[in-house]
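The next block holds one structure in the form of structure tokens; read it before the comments.
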Amino acid sequence: MAHALPRIGGWQAGPEAPAFSGSELLAAVRRVREPIALVQDPRTGRVGVGHQGAAVVASDHAWPLLATLPALYPEWLGDRSFTEVHRTRFPYATGAMANGIATAELVIQAARGGFLGFFGAAGLDPDRISRELDTIEAALPPGPDGSPGLPWGSNLIHAPNEPDHEMAVADLYIRRGVRRVSAAAYMNLTPAIVRIAVNGLRQLPDGRIHRDRYVFAKISRPEVARRFMAPAPKDILDGLLAQGLITAEEARLAAFVPVAEDYTIEADSGGHTDNQALTALFPTIQAERDAAVQQYGYKRPIRLGAAGGIGTPTAAAAAFSLGAAYVLTGSVNQACVESGLHDSGRRMLATATLADVVMAPAADMFELGVEVQVLHRGTMFGNRAKKLYHLYRDHESLDSIPAGERARLEKDILRASVADAWASTERFWQGRDPREVAKANKDPKHKMALVFRSYLGQSSKWAIAGQAERRMDYQIWCGPAMGAFNAWVKGSFLAAPEARTVVQVGRNLLEGAAVVTRAQQLRSFGVPVPAEAFDYRPRPLA
């Protein structure tokens, strides 16, 4: 007789017998929205699952009942406080891909699908951002009773070379009432992001502190996490207060709350990334969070989300198992029909494999040597961008570049003479910030940096516009999640680029994550779960 496991009672089967192996067990695993019973076959000792039966007193006529599991919905995979505070149906966010690649339409569809979408404002001027906010607000208006509309957010990127621009965007968000701001590429706190965080702080009659705005800090380093998890620095608060940009009450209350309560722990992602493994980075930031809560005595929850490499259901399930309050996707949304990337770029992404990414110099932090992860397959951008950085590092001015190197630079990368490239760069900066031109006229190395940054900045815009003659210079931000996604959807309806919508991608990732989570639950209880149970296949979802 088989070894009997401890039981809690009996199980009276309903219209269908318990499943112990094969296709019946595989089908049972995928019924995540139904409660499930774990039963043992007294003859073989195998553990199986039952649906639609009833728990009864143990008897010779009932299956030995080992445990019961409740239904598992995709909505329940993360931290409930995330969906409650931000009023989303799912613990899922879409990232703020820069230059408007995360379009207003993508944000709108994400919100309607039950997600939290962030508009990709980085690289855009305040007037363009304002027009895009108009579009989002018109599509997601408040309810007739004045209740908030569907939730959404927008991006504020750290701009060490343009602090005035960063503050102008922050001012726009405050004036327009943007309630959720994704803070990206920050290494230190700035007045702009602190102003966003503390604006609207007020104390309720019961003593609790109310926040009007939520900062979502994208974090890949513990030291940066510590800065956002601490209360806002007094010197920054004092400066904002002296300028009349915050009130005395906001400055006072800022001492009792962290700068951000939501953190997107960014592992090996597209764009700005430190290429960290999520399984190493996430618990490290968890420890920082726990230490901050203890040190500062916070009463409100600090939520940690996961991003970078989230391109398959198993990756999403793994992130939730680490303790992620939510997952955030980026690269896979850039390949969706709602993204601002041109169709030619989306089709390039649809062919990417895991190895088709490379690190390249970043336009916004070129002089610092900061890099972004981009698509390598089908474009020469990565190689050419690295060449520019090597020229910048090795030479003091454009004029000091050897004639042969200079000729190749003009022919292959700039597609213009150095003089003409500077003339167009100068016109741009005269309109945006004339101080940069004045600095360049005094500092030849800065002049060289501006010319090279012009190529880096325009390369992503060529990909957005679909400029065919510049196809080999497309800069398309992309992480390994894209290759994993393409391998997962191969042979399914999502293999076709035109079928990739932000909602279908997100819903399939979450549905699959729930199935994979259920499969792992059952396996941990001794159910002989087939390997196929961990391979959820995409299907059109409502």
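The values are calculated or read from the model by the stated rules, or taken from the named source; none is laboratory data. Because the structure is a prediction, the values reported are computed rather than measured. Positions of Cβ are generated from backbone atoms using ideal geometry, with glycine treated the same way; all protein chains shown enter the neighbour counts.
Annotations for the structure displayed:
- Matching helices (runs of 4 or more DSSP H) fully within segment 330-394 where at least 2 residues are among the charged types (D, E, K, R) and out of contact with any Asp or Glu (no Cβ under 8 Å at 6 or more places or on another chain): 343-349, 381-394
- Taken together, the residues in segment 374-401 that are touching a helix residue (DSSP H, G or I) at 6+ places or on another chain (Cβ under 9 Å) and farther than 17 Å from W462 by Cβ amount to 11.
The rows are residues; the columns are (1) modelled with pLDDT under 95; (2) assigned by TED's automatic domain parsing to the domain that holds R384; (3) closer than 21 Å to A277 by Cα; (4) surrounded by fewer than 19 Cβ atoms within 10 Å (Cβ to Cβ).
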{"residue": "A325", "(1), (2), (3), (4)": "no, no, yes, no"}
{"residue": "T329", "(1), (2), (3), (4)": "no, no, yes, no"}
{"residue": "C336", "(1), (2), (3), (4)": "no, no, no, no"}
{"residue": "T353", "(1), (2), (3), (4)": "no, yes, yes, yes"}
{"residue": "G369", "(1), (2), (3), (4)": "yes, yes, no, yes"}
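- Taken together, the criteria place A363 among residues that are under 27 Å from E132 (Cα atoms) and in contact (Cβ under 8 Å) with a residue 60 or more places away in the chain.
- Boolean, A280 is within 20 Å of Q373 (Cα to Cα) and part of a helix (DSSP H, G or I): yes
- The set of residues in segment 192-223 that are buried (at least 22 other Cβ atoms within 10 Å of the Cβ) and part of a helix (DSSP H, G or I) comprises A192, I193, V194, R195, I196, A197, V198.
- E266 under 30 Å from P480 (Cα atoms), among the acidic types (D, E) and touching a strand residue (DSSP E or B) at 6+ places or on another chain (Cβ under 8 Å): yes
- Test: residue in segment 407-426 that is in a helix (DSSP H, G or I), among the aromatic types (F, W, Y) and either in contact (Cβ under 8 Å) with a residue 40 or more places away in the chain or exposed (fewer than 15 other Cβ atoms within 10 Å of the Cβ) (or both): no
- Test: G457 is at pLDDT below 95 and surrounded by 15 or more Cβ atoms within 10 Å (Cβ to Cβ): yes
- Some residue of segment 173-187 being farther than 17 Å from A98 by Cα, at pLDDT 95 or above and buried (at least 21 other Cβ atoms within 10 Å of the Cβ): yes
- Filter result (surrounded by fewer than 20 Cβ atoms within 10 Å (Cβ to Cβ), farther than 30 Å from T353 by Cβ and of a type outside the set (G, A, S)) within segment 258-287: Q286
- Single residue of segment 1-37 satisfying the filter (polar (S, T, N, Q) and surrounded by fewer than 16 Cβ atoms within 10 Å (Cβ to Cβ)) that is farthest from A67 (Cα to Cα): S23
- Of the residues examined, N508 is not one that is over 27 Å from G378 (Cα atoms), of a type in the set (S, T, N, Q), without any contact (Cβ under 8 Å) to a residue 12 or more places away in the chain and in a helix (DSSP H, G or I).
- Of residues in segment 126-173 being in a loop (DSSP other than H, G, I, E, B) and among the small types (G, A, S), the one nearest to A260 (Cα to Cα): A159
- None of V516, V451 is on the phi < 0 side of the Ramachandran plot and either part of a loop (DSSP other than H, G, I, E, B) or in the same structural domain as E410 (by TED's automatic domain parsing) (or both) except V451.
- Any hit, segment 86-102, residues being modelled with pLDDT of 95 or more and more than 22 Å from D262 (Cα to Cα): yes
- The set of residues in segment 89-117 being among the hydroxyl-bearing types (S, T, Y) and not in a loop (DSSP other than H, G, I, E, B) consists of Y92, T94.
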